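This report refers to the structure that appears directly beneath it.
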Amino acid sequence: KNVRFEYHINFHGHCTLCDFSVRFIQKITRDPNLRFTSNTSDASKRILLQLGEKKFKFDSIVLYKEGELLYKSDVLKYLLLKTPILYPFCILLLLPKSFQDSCYDYIAENRYRWFKPLETCKVPKPEERHLFLD
């Protein structure tokens with residue numbers, strides 16, 4: 001079965017920082033076309049098959065957008081530009097992409113040291129369930 005979406009975010013389900021980020025993104029974007037999936041879900045695997053992706057990187061947040069995969073700072077850039085409340089942070093986009101990705105990597109490498117990992121993926125509230133692909 002094909003997975004249809006305008007765009008969606010793939011995240012680490014056991015990462016406390018990722019979970020917080022997903023919930024924050026949900027609240028600020030309020031975009032009815034945005035969906036989320038854990039990197040270990042069946043939906044994530046089906047999407048990869050649809051895209052014919054063989055070199056998928058699970059080391060970062062991933063945005064599936066119209067058949068394209070965006071990683072790391074490109075995802076953050078996309079969300080910044082799509083979310084008016086975050087426009088003041090667009091100044092960060094003036095920094096070189098390599099620096100943006102290095103900052104992302106540093107946070108990703110240390111997130112489990114700074115935030116205790118979740119033992120299980122959090123279950124979305126009933127009113128949020130439609131936002132998550134499984």
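No value in this document is a laboratory result; all are computed from the given coordinates. Only a predicted model underlies this, so the values are computations on that prediction, with no experimental measurement involved. Neighbour counts are summed over all protein chains in view; Cβ atoms, including those assigned to glycine, are modelled from backbone coordinates with ideal geometry.
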### Amide H contacts under 5 Å for residue 62, placed H, 5+ residues apart
10
### Query
Zone of residue 110 (label point 7 Å along Cα→Cβ, backbone N under 15 Å): which residues in segment 13-34?
17
### Query
Karplus couplings for segment 21-30 from phi (6.51 cos²θ - 1.76 cosθ + 1.60, θ = phi - 60°), rounded to Hz, Gly and Pro as x?
4, 4, 5, 5, 4, 4, 5, 7, 7, 6
### Query
What list of ³J(HN,Hα) couplings, whole Hz, do you get for segment 85-102 from phi and the Karplus terms 6.51, -1.76, 1.60, once you set θ to phi - 60° and write x for glycine and proline?
5, 9, 3, x, 7, 4, 4, 5, 5, 6, 6, x, 4, 4, 5, 4, 5, 5
### Summary
Residue separation between residue 48 and residue 66 times 0.36 nm, minus their alpha-carbon distance, gives in nm 5.2 nm
### Summary
Note on segment 75-115: alpha-carbon gyration tensor, axes a ≥ b ≥ c; rule is a/c under 1.5 for rounded, else prolate if a/b larger than b/c, else oblate; result oblate
### Task
For residue 35, list long-range residues whose amide hydrogen, built 1.01 Å from N in the peptide plane, is under 5 Å from its own amide hydrogen.
7, 8, 9
